[in-house]
Structures are given as C-alpha cells and as structure tokens.
Amino acid sequence: VTDIGTPDRAIVTTCAYCGVGCTFRAEMRGEQLVRMVPWKEGKANRGHSCVKGRFAWGYANHRDRILNPMIRESVDQPWRAVSWDEAIAHTASEFRRIQAKYGTRSVGGITSSRCTNEETFLVQKLIRQGFGNNNVDTCARVCHSPTGYGLSTTFGTSAGTQDFDSVEHSDVIMVIGANPTDGHPVFASRMKQRLRQGARLIVVDPRRIDLVHSPHVDAAHHLPLKPGTNVAVLTAMAHVVVTEGLADEAFIRERCDWDEYSDWAAFVAQPERSPEATAALTGVPAADLRAAARLFATGGNGAIYYGLGVTEHSQGSSTVMAIANLAMATGNIGREGVGVNPLRGQNNVQGSCDMGSFPHEYSGYRHVSDPATRTLFETAWGVSLDPEPGLRIPNMLDAATDGTFKALFIQGEDILQSDPNTHHVAAGLAAMECVVVQDLFLNETANYAHIFLPGSTFLEKDGTFTNAERRIQLVRKVMDPLNGYADWEIVQLVAQALGLDWQYTHPSEIMDEIAALTPTFAKVSYLALEEHGSLQWPATDAAPLGTPTMHVDGFVRGKGKFVVADYVPTDERTGPRFPLLLTTGRILSQYNVGAQTRRTENVAWHAEDRLEIHPHDAENRGLRDGDWVSLRSRAGETTLRALITDRVAPGVVYTTFHHPDTQANVITTDYSDWATNCPEYKVTAVEVSPSNGP
Ligand code: SF4
C-alpha cells in the first residue's frame, strides 16, 4: 500500500468492487491519491470496509493500463495506436458499414456492471437510439438475471426487499447459495453482529462456509445440499410449513392471491416432496431439514439472503421463486427484519439492470413491447424504437457463429473469461467482423477485438452506483482520466459520430434524463443525492426520500404471486467418467476474474486458485495437498493445485476463478437457466486426476 504523506483534502466516493457499496474518503495530497479511508457517514458501511475497497485501488495507476486507442484490421495483426478522433470515427463507420450490409439487427452491445448508472444508460441508449435495435445485454445475464425474472414474477419488481439496516431486526437469518464473509464482507459483519445478539442462522450451501462456524457464531442448521438441488430443498421446507400448519394464512389471505397459494400449497404438500422423500436426492438429512423449516416459520422475523449459488443454475429462476414462495407463505415480507435479499456481486449490477440493459426492458423494468413506454422514449429520443426484444449475450454469440450477428460493442466486461464455455465464446467473437472493447486493460476478450477504446476507473469520473439495497450513491471524480475521457464521454463521442445529437456536459444531466423517463427514479437528482447522501429507489412523489423496505402495504404487482416451481434435475449429470460435481466461488481479497485485484498488493493474499477436494476423494485418486491435478469436464480441461479439506463434502469439488490461468470457464458447460439463460456455473460434472502441472 502506497502512503506518500499527509493528505491535504478528501473526496467522498463509492467503492467499485462489490454490491455492498461502501463509501470512502479518498484522501489526496496535491493530485495524488494517498489512501482510501472508510467513511463514517456511509449509509451502507458506517465507517467499515474490507481489504478490497480499502487497499486494492492501485490498479488505477498500473503499468498494464492502456491509455491510447488502438485499432487493427484483423485479430492476427498487431495493434496500431491511433488518435481518439480516428478510433471514434472508425468505430462509427464500422457499425454503419455492417448494418448497411447485414441489417439493423446484426450489431449490439454489452453494458458493464462496473460502470456508473449514467454510463450504462448511455450504452443502452446508443444501441436503441443509434443502432435501432434492442440487442443489449449486461453481465447480470451471467449472475442475477434469474433474480430479475423470479422477483418480478412473484413480487412485481426486480430488487431486494430490504435495506441493510433491516438485518438488525431479524430473528432468523437464512443464507442460501451465498458466502457473505468473502463476497460481501462488510454486510457479513453486520449479519454476524445480529447473530451474536441471538438471532438464529440457517445456512444452505454445499460447502461449509465460514458463517457455519466462526468466532461467536454457530449456525443453528447447515443444510449441505448436493449442488443443483436448491429447488428440492426449498420445496421440502415449504412442505413442512404447509403440512405442519405453520403457514401465515392471515398474511396470505390479505396480501397474496389465495387461489394461487392453494394450488401451490397442494403441490408442495404431496408426500413425494417431503424431507424424507427427498433426502437421498438432496443429501440433506430429513430431520435437519424439518428442524430448519420449523425454525424459519416460527422463529420470529425471518430474512433470506441469497447469492449466485441460487441464480447460476439451470433452475435459477425457479429457485428465486421458491425463495419468494417460502417468504410469502411464512409472512416474511413487508416490514423490517424480514424479506428476500439478493446479495449483488458487482458494485453496480443492480444499477445496470435498473438502467435498461436487458434486451426486453427499458430502464425501470418496462417491456419494450409496451406501447406507452415506447412512445415515452421515442418522444424523448426522436426516433422510432424496435418493439421486438433483442438478443441476449448467448444468443448474440450463437447468431455470430450462424453468420447473422457481426459487430459487438463491449463496455467494461471480459466475456471470454467470465462467460461459460470459453470455446463457444471465442468462436462467436472470432466470427464477428468488428468487436469493440472499451476497458482498462487488454483483457482476454480483447484478443478478439478490432478496436480498443481505453476506459477510465471509478476514480476518474463522476456518476452514481446502485448497491444491493437499491441505494443510489454518488461516485465523485478524484483525478482526471488518464486516458483523456471518462467512459460516458467515450460513448457520447461514438454517438455523435453516428450522427446523434448528444450534448451532455456532466453525468448529472444524464441522471436528469433517467429520472424523467423512469418512474422509480422520479425524485433522483445529483442535488437530492448531495443533500441526502443517498436515495433508495423507488424515489417518487409518494416517497421522495426513497424506500428502505418494499412491499409494505401491498406488493408492487398488487397481490403476491405463488408460483409452482417444480424440481427438475439438471441435464449435467455425474457418471463413471465424471463422478464429481464442481462448484465455484470467491475469496475475500480478490474480485471476480481478478483484472483489478491481481494488479494490486492484494494478490499476495491469493497467488493462485486451488481445487478444494474432500480427503476421501483425494485419497482415492492418490492426491496429496498441493499436488497438481488435471480437472476435466465434458467441455474442457484445466490444471491447478489441490487443496485437501473437509469444507467440501465427498463428491463435491470447489474452486475460485480469480486467476486467468485457472480457466475455470473452460470447464463449465452450456447449460443455463430455463427462463433467462443465466449459465449453470455452479454444477459441472468433472473428474480429477494427478498431473505434472501446466
Ligand atoms: Fe465494501 Fe464491498 Fe468495497 Fe469491500 S468490496 S469495501 S465490502 S463495497
């Protein structure tokens, strides 16, 4: 950590790593950032932080940053540094050339959950207004798109129901498919504080995460389910609630559709859905599951927090709806201490979804086929808009290999490293005539790019991020962009080169446009954010200071909707060739594919990804701790070192994916969520064998 002296001023800004949204005082000496100090007034963090936000900002000045635009005719040619004028003009002419030759829908773009709301809004506007189609998607496709589908269907809006303060009123906390101490450490501390005060904890996870046994905190129940059986476990819990008369019928009658509840209750009450009947399938002892269900239903305020272990499955959307069903059935919605809360991974994944990054929705989750919404945007933007939903990321890649999709604008995402089945992603990118990558570094995806537009870090721009509790917070510029432009300015330059009359002089003007076009953001402005520190959407005339708890008097959709979500086994099966199940996760000091944290001192805490394997499985394969192993699936093969531990159950192996050498996504398959195409990262049948190393 570089500390070059006493600071002479401080600028308050928001962390660019995870969805907790900690705020920091960026302490400056002259034009030099000296250190990041967690801000005591921060609503999300109250002066706390983790090792990522506090220490891992040095990547902003890392020698690997690309500061000049570059172009090349084909990907086997060397890059050629060009002026910004040439790069922008070339980008616009390539997209116009390709659309003229292959049609309006032959191009698209991907927004970033790492960039600001304003930048995300501009990318989807560029595609809708400038390219004339809805081929826009976001990296939420590969993480929380099932949250969007599941919570919109059951509750009426795609967001967590609570603020972080709510956990202080919880009596029972259920954590499913999340590892908050590594993934969301500052919120995990608040959760643990409540647990130390006496709240009870249920952990549903194939792996014995830290929360199960940590200092002064012991889970009341750990349900170590087999990967891929979330829906069966939640249905068995619902079976106990319904058949033992533990449902909150008064709440259900008042707040939900009773007929739909009755159908759902009859479904879950069937004997084949009992804990006893499903114990062999889920791997969870029936008595433990019954006890956990009883505790959740009768233990007072029950809150559910979940992560990518819920969404990144072929049944991701079904699992989100099963969680919503359980919360409604037990009356745990609409007040402090309860609720359904997705723990968002990236700093602005909530915001990227809110801003219209999905191919079927404008900002505020309004469908592109809705005439009234489309007219609103057509009037504001002065163009006719496409009423047909566009392509999702996997569909864009499929269309590219089929020859109908030819150009992609990617802002702040490394899809080659982060999306499933690397070979398929590479084939799609290789088939395109123009790939534009706007990023800080020459990432893996840039190997397939024709135009590279250097991006800017969060320290170099003004804007807003929206955290996991729907809290919109200001990001303030700490230093001038090293590349010359903030990301929003680059998108504007491309739009202007395409002939669009964009004249934004500051991101606050973009937010004013978002507020004018998005009812849930109606009262959001930079002035209001400066005055109140932050706002949780919906911020409307009825709630000008925002909404900490949602669905208080009624669900956004009116009546809460119970959805029968039946367990369907994934097509990814173990067998003699691939007898183990691989699941993946993160570690505290690193962030996602590691593009930033690996370029800071934090890399010293995690120099490599390892494969966790149970002692029995290791012994059967003649493995010792630290040995190199070959990890093979039906999709591919990679090599990494073994870590022998009983944190994973026999039959399950686990790895992080922070280092590119690990190539975890060479292993993962094409299976995805039935509703949203979110990849099934969490279940891959594999075999492990000794190896001599890479
Ligand atoms: Fe806070 Fe998350 Fe940043 Fe850590 S990574 S400082 S928990 S926002």
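Derivation of every value follows stated rules applied to the coordinates shown; laboratory data play no part. Small disclaimer: the values here were computed from a predicted structure and weren't measured. Glycine gets a Cβ as well: all are built from the backbone with ideal geometry, and neighbour counts include every protein chain shown.
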Only sites in a loop by DSSP and with at most 13 other Cβ atoms within 10 Å count here; which GluC sites (Glu not before Pro) in the stretch 1-97 make the cut? E31, E41, E73
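The chain: longest stretch without exposed trypsin sites (Lys or Arg not before Pro) (DSSP loop, at most 12 other Cβ within 10 Å), sites themselves excluded?
Details: sites that count: K40, R63, R573, R577, R624.
The longest such stretch corresponds to 64-572.
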Helix axis angle, 185-196 relative to the chain longest principal axis, alpha carbon, degrees: 20
To check my understanding: the extent here is largest minus smallest coordinate of the Cα atoms along each principal axis. What are those three numbers for the stretch 580-690, in Å, largest first? 39, 38, 22
Restricting to Cα pairs under 8 Å and 6 or more apart, the percent relative contact order of the stretch 145-342 works out to 34
Quickly work out the T104-to-L545 label distance, labels modelled 7 Å from Cα along the C-beta direction, and quote it in nm with one decimal. 4.6
Where in the stretch 428-475 are there chymotrypsin sites (Phe, Trp or Tyr not before Pro) that are in a DSSP coil and have at most 13 other Cβ atoms within 10 angstrom of their Cβ? none
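Between R80 and T375, what length comes free when the chain is fully extended (0.36 nm per residue of separation minus the Cα-Cα distance, one decimal in nm)?
Numbers: separation 295, 0.36 × 295 = 106.20 nm, distance 4.30 nm.
Separation in residues times 0.36 nm, less the Cα-Cα distance, equals 101.9 nm.
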Please determine, in degrees from 0 to 90 and to the nearest 10, the orientation of helix 487-497 with respect to the longest principal axis defined by the Cα atoms of the chain, where the helix direction is its Cα long axis. 50
I want to check the label-to-label distance for A430 and D259. Put each point 7 Å from Cα in the C-beta direction and report it in nm to one decimal. 5.5
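With contacts defined as alpha carbon pairs under 8 Å and 6 or more residues apart, what's the relative contact order of the stretch 412-478 in percent? Mind showing how you got there, number by number?
On the way: 85 pairs, mean separation 16.0, N = 67.
Result for the stretch 412-478 is 24 percent.
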If I model a spin label at H213 and R294 as a point 7 Å from the Cα along the Cα→Cβ vector, what separation in nanometres do I get? 2.4
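Calculated FRET efficiency, H616 and A516, Cβ-Cβ r, R0 60 Å, to nearest 0.05?
0.50
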Run the reach check for K226 against lysines, Cα to Cα strictly under 18 Å, same-chain hits fewer than 8 apart removed. What comes back? K682
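For the stretch 60-162, count all C-alpha to C-alpha pairs, find those more than 19 Å apart, and express that count as a whole percent of the total.
Working: 3340 of 5253 pairs.
Cα-Cα pairs of the stretch 60-162 separated by over 19 Å account for 64 percent.
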Beyond 25 Å between alpha-carbons counts as too far, so tell me which of K192/K523; K406/K461; K125/K477; K523/K561 fall in that bin. K192/K523; K406/K461; K523/K561
Taking alpha-carbon centroids only, the stretch 635-694 lies from the stretch 73-109 a number of Å equal to 35
Return the Rg/Rh ratio of the stretch 9-56 with Cα-based radii and a Kirkwood Rh. 0.95
Mean separation of Cα contacts under 8 Å, 6 or more apart, over the residue count of the stretch 585-694: relative contact order %: 33
Principal-axis tilt of helix 507-517 within the chain, Cα atoms, nearest 10 degrees: 60
In whole Å, what is the distance between the alpha-carbon centres of the stretch 371-450 and the stretch 300-314? 29
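Using just the alpha carbons, could you tell me how many Å³ per residue the convex hull of the stretch 179-218 encloses? Walk me through the numbers before you get to the answer.
Values: hull volume 2.4 nm³, N = 40.
Hull volume normalised by residue count: 60 Å³.
What does the convex hull of the alpha-carbon atoms of the stretch 442-595 project to on average, in nm²?
Values: hull surface 64.4 nm².
Approximately 16.1 nm², given one-decimal rounding.
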Under 18 Å from K40, Cα to Cα: lysines that are on another chain or at least 8 residues apart: K52
In 10 Å bins starting at zero, report the fraction of Cα pairs in the chain per bin as a rounded %. 3, 16, 27, 28, 19, 7, 1, 0
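If you average over every viewing direction, what projected area does the convex hull of the Cα atoms of the stretch 145-342 give, in nm²?
Numbers: hull surface 38.8 nm².
Mean projected area for the stretch 145-342: 9.7 nm², to one decimal.
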When each pair of different Cα atoms in the stretch 255-326 is counted once in the 1/r mean, what is the Kirkwood radius in angstroms, to one decimal? 14.0
Using 10 Å bins from zero, what percent of all Cα-Cα pairs in the stretch 358-486 falls into each bin? 12, 28, 34, 26, 1
Structure-based [θ]222 nm, the chain - -39500 (n - 2.57) summed over DSSP H runs of at least 4, per residue, nearest 500: -8500 deg cm²/dmol
